[in-house]
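First up is the structure itself, then whatever we jot down about it.
The values are calculated or read from the model by the stated rules, or taken from the named source; none is laboratory data. Keep in mind that what you see is a predicted model, and the values were worked out from it rather than measured. Reconstructed Cβ throughout: ideal geometry from the backbone, glycine too, with neighbour counts over all protein chains shown.
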Amino acid sequence: MKLREVLQEHMITHLLQLCKHELELSELPEIFLLDDQPTTGHGTSFGEFTDNGIEVVTLGRHPMDVMRTLAHELVHWKQRTENMPMDGSDGSDTENQANAVAGIIMRKFGQQYPDYFVDTLP
Ligand SMILES: [Zn+2]
């Protein structure tokens, strides 16, 4: 396993714990990291959820972007457990809420793990 992958695993574990707490999720979906484009379904071009879990594209992306997408999709996951109508179009209530809540989570994530925001690449 490459160092970058190990670091990413740690970040994801911490982010999932934070999201679970912030979103009051009783259980977490499975997370699939794709070194490729996502399949079809709800979501941006970088993330989506399926009946099996959440898919996030990691290919060529900064780890913090990956985390932000993951938080965004987890908000959608939460919305779905509350039977909110799923509308993935820009400016919809579900999208606005997902962006806003993901932003709050990422700010807390940054406060708890400031080291993650230091870009170690040369
Ligand atoms: Zn969305």
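Okay, here's what the table says:
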{"quantity": "Pairs, first without any contact (Cβ under 8 Å) to a residue 40 or more places away in the chain in the stretch 78-105, second assigned to a helix (DSSP H, G or I) and among the small types (Gly, Ala, Ser), C-beta under 6 Å, six or more apart", "calculated": "ALA102/ALA71"}
{"quantity": "Residues within the stretch 29-47 that are assigned to a strand (DSSP E or B) and either modelled with pLDDT of 85 or more or surrounded by fewer than 21 Cβ atoms within 10 Å (Cβ to Cβ) (or both), tallied", "calculated": "5"}
{"quantity": "Any hit, the stretch 97-113, residues being in a loop (DSSP other than H, G, I, E, B) and either modelled with pLDDT of 90 or more or of a type in the set (Lys, Arg) (or both)", "calculated": "no"}
{"quantity": "Residue under evaluation VAL118, criteria (1) aliphatic (A, V, I, L, M); (2) at pLDDT below 85; (3) touching a strand residue (DSSP E or B) at 6+ places or on another chain (Cβ under 9 Å), criterion not met", "calculated": "(3)"}
{"quantity": "Selection count, the stretch 69-122, where residues are within 11 Å of the ligand (Cβ to nearest atom), charged (D, E, K, R) and surrounded by 15 or more Cβ atoms within 10 Å (Cβ to Cβ)", "calculated": "2"}
